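First comes the structure, then the notes that go with it.
Rule-based calculations on the coordinates, nothing more; no lab input. All of these numbers come straight from a predicted model, not from anything done at the bench. Cβ: placed from backbone, ideal geometry, glycine included. Neighbour counts: every protein chain shown.
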Amino acid sequence: MNDFALHDLKCFDAVIRTGSFQAAAAALHRSHPAVFAAVARLESQAGLNLLDRGGYRVKLSDAGRSFHERMQPLLREAEGLRQYTTQLAMGEESELHVVLGDLCPRPVVLGLLARFFTKSLHTRLHLHFETVGGPIERLKARDADLMFHRVDMTDPLLEWIALCKVRLIPVVAPSLLPASLPRTLRPEHLRDYTQCVMRDSARVPRDENFLVVEGARRITVADQFMKKDVIQQGLAWGHLPDFLIDGEMRNGVLKSIAGRYFPGHTEMVVAARRSDGAHGPVAQRLWAYLQANAPMAPSLS
């Protein structure tokens, strides 16, 4: 048995989809004899009667129905390859790398990306997760095309689009701190209590203690969801983004200890990319899409 020709498979598929050889020929811009010959050749190579020609209209035989179903993934792969090569010939990127930072409200960002990439099916999206200084490090190293995180808005190497403001709120499980502590907490009041902090995923972490009480014991975690779990279980206190704890704050599972000495902190989460160098067509379309659709667009830069 010889290998099946893609042309013959497409002709057979067109006959089934359109219901006749004549309609398939018109759909494929082929002659009727050419389509008929392609299907006959396929049957000969397969050693099967793929069509039941006993009625007025062409119908699949039982073997033909099974064969037609089995060949669909091959046709889809062939069409995907055709579109992929067309995309490469046009100079469009075959893949984009996007980094989500730990302050990124994932449902919002993933929703934006989903709506864009449903129309860019042949550019593969690679999603990465980094924390603290990791997102900006990956972007500046050109390991990512785009990131969603906080940035230094005065950095000339970056351009950015405002996405949303995120407030980091100092919270505890109600059972962690005794009632004897004063209402207005100072850093020294919490030195005997463990603080949960984020691990910096940067290869070269920055030497800073962001919202950290000096001298207190620490539990270090890799993401905000783990941090939330640790705090809810009363293992530690810490700062969490408001979008992650709205329900827990309302039902009393978590309690804010914000005050004069622990005011919390607000960050602007942005979509950011390098301002130097060229960006491919798909990356440019994604940038324009974010400018038009990001919640706080247009850019405040």
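Identify, please: which residue in the stretch 240-255 is outside any strand (DSSP E or B) and among the aliphatic types (A, V, I, L, M) and is, among those, farthest from PHE148 (Cα to Cα)? So that I can check it myself, show each step before the final result.
We begin by selecting, within the stretch 240-255, every residue outside any strand (DSSP E or B); these are 242-254.
Subset that is among the aliphatic types (A, V, I, L, M): 244-245, 249, 253-254.
Working: LEU244: 16, ILE245: 20, MET249: 25, VAL253: 29, LEU254: 27 Å.
Among those that are outside any strand (DSSP E or B) and among the aliphatic types (A, V, I, L, M), it is VAL253.
Could you tell me which residue of the stretch 1-30 is surrounded by the most Cβ atoms within 10 Å (Cβ to Cβ), considering only residues that are in a loop (DSSP other than H, G, I, E, B) and aliphatic (A, V, I, L, M)? Steps first, answer last, please.
Here is the first cut: in the stretch 1-30, the ones in a loop (DSSP other than H, G, I, E, B) are 1-5, 19-20, 29-30.
Narrowing the set further to residues that are aliphatic (A, V, I, L, M) leaves 1, 5.
Details: MET1: 7, ALA5: 13.
For the stretch 1-30, the residue satisfying everything is ALA5.
Filter the stretch 191-249 down to the residues that are among the small types (Gly, Ala, Ser), closer than 29 Å to ASP143 by Cα and surrounded by fewer than 15 Cβ atoms within 10 Å (Cβ to Cβ) and list them by number.
ALA222, the sole residue that qualifies.
Look through the stretch 46-81, keep the residues that are assigned to a loop (DSSP other than H, G, I, E, B) and among the hydrophobic types (A, V, I, L, M, F, W, C), and return whichever of them is nearest to the chain's Cα centre (by Cα).
Selected residue: LEU50.
Do any residues in the stretch 33-50 that are within 13 Å of PHE12 (Cα to Cα) have Cβ atoms under 7 Å from those of residues that are outside any helix (DSSP H, G or I) and among the hydroxyl-bearing types (Ser, Thr, Tyr), where the two are at least six apart or on different chains, and which pairs are they?
Once the first residue is within 13 Å of PHE12 (Cα to Cα) and sits in the stretch 33-50, its partners that are outside any helix (DSSP H, G or I) and among the hydroxyl-bearing types (Ser, Thr, Tyr) give ASN49/SER61; LEU50/SER61.
Residue-by-condition table, conditions (1) out of contact with any His (no Cβ under 7 Å at 6 or more places or on another chain); (2) surrounded by 19 or more Cβ atoms within 10 Å (Cβ to Cβ); (3) closer than 21 Å to PHE225 by Cα:
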{"site": "GLY111", "(1), (2), (3)": "yes, no, yes"}
{"site": "LEU121", "(1), (2), (3)": "yes, no, no"}
{"site": "PHE129", "(1), (2), (3)": "yes, no, yes"}
{"site": "PRO135", "(1), (2), (3)": "no, yes, yes"}
{"site": "ALA141", "(1), (2), (3)": "yes, no, no"}
{"site": "ALA144", "(1), (2), (3)": "no, yes, no"}
{"site": "PHE148", "(1), (2), (3)": "yes, yes, yes"}
{"site": "MET153", "(1), (2), (3)": "yes, no, no"}
{"site": "CYS164", "(1), (2), (3)": "yes, no, yes"}
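For the condition among the small types (Gly, Ala, Ser), under 28 Å from ALA141 (Cβ atoms) and not in a helix (DSSP H, G or I), what is the one hit in ALA258, ALA272?
Details: ALA258 fails: under 28 Å from ALA141 (Cβ atoms).
Exactly one residue qualifies, and that residue is ALA272.
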